[in-house]
C-alpha cells in the first residue's frame with residue numbers, strides 16, 4: 001500500500017510542478033524552482049534510504065545482534081531527520097512565489 005501512496009504523491013507533485021513552472025528553465029532560474037529542486041533531492045534521498053532499510057536492513061533484523069540494532073537505530077533516526085528536512089523545505093516552498101505565467105496569446109475576433 002505504501003508504494004501506491006508514494007506513487008500518488010509523486011504524481012501529484014509532478015503535476016503541480018508542471019502547472020506552477022511554465023518552463024523547464026524555471027527550475028534553476030527562479031527561487032521557487034530552486035527550492036523545489038532541494039525538496040526533490042531530499043525526497044529522493046529519503047526514498048533511497050527507505051529502500052535500503054526495506055531490502056537490506058529488514059532481513060538483517062531477523063538475525064540481528066546488539067551491535068546491528070544500535071547501528072540501525074542511528075540510521076532510522078537519520079532517515080527521520082531527512083523527513084523533517086523535507087517538511088521544512090515544503091514549508092518554505094509554500095511561502096515561495098512561483099514564477100509568473102506567460103501571458104496568454106491574444107486571439108482576434110472578427111466582427112461583422
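The values are calculated or read from the model by the stated rules, or taken from the named source; none is laboratory data. Owing to the predicted nature of the structure, the values given are computational and were not obtained by experimental measurement. Neighbour counts run over all protein chains shown; Cβ positions are idealised from the backbone, glycine included.
Does any residue in the range 5-21 that is without any contact (Cβ under 8 Å) to a residue 60 or more places away in the chain come within less than 7 Å, Cβ to Cβ, of a residue that is in a helix (DSSP H, G or I) and surrounded by 10 or more Cβ atoms within 10 Å (Cβ to Cβ) six or more places away or on a different chain, and which pairs are these?
Every condition considered, the pairs that remain are 17/36.
Hey, among 56, 42, which residue is exposed (fewer than 10 other Cβ atoms within 10 Å of the Cβ), at pLDDT 80 or above and in a helix (DSSP H, G or I)?
Details: 42 fails: exposed (fewer than 10 other Cβ atoms within 10 Å of the Cβ).
Step by step, each of 56, 42 is checked, and only 56 is exposed (fewer than 10 other Cβ atoms within 10 Å of the Cβ), at pLDDT 80 or above and in a helix (DSSP H, G or I).
Residues of the range 1-10 being modelled with pLDDT of 90 or more and either loosely packed, with under 10 Cβ neighbours inside 10 Å or under 18 Å from residue 97 (Cβ atoms) (or both), which ones? Walk me through it before giving the result.
Residues of the range 1-10 modelled with pLDDT of 90 or more: 4-10.
Within the range 1-10, 4, 5 qualify.
Might you let me know whether the range 63-78 holds any residue that is more than 26 Å from residue 2 (Cα to Cα), outside any helix (DSSP H, G or I) and at pLDDT below 90?
Yes: the range 63-78 contains one or more residues that are more than 26 Å from residue 2 (Cα to Cα), outside any helix (DSSP H, G or I) and at pLDDT below 90.
Out of (1) in a loop (DSSP other than H, G, I, E, B); (2) surrounded by fewer than 16 Cβ atoms within 10 Å (Cβ to Cβ), what's the single condition that is false for residue 99?
Exception for residue 99: condition (2).
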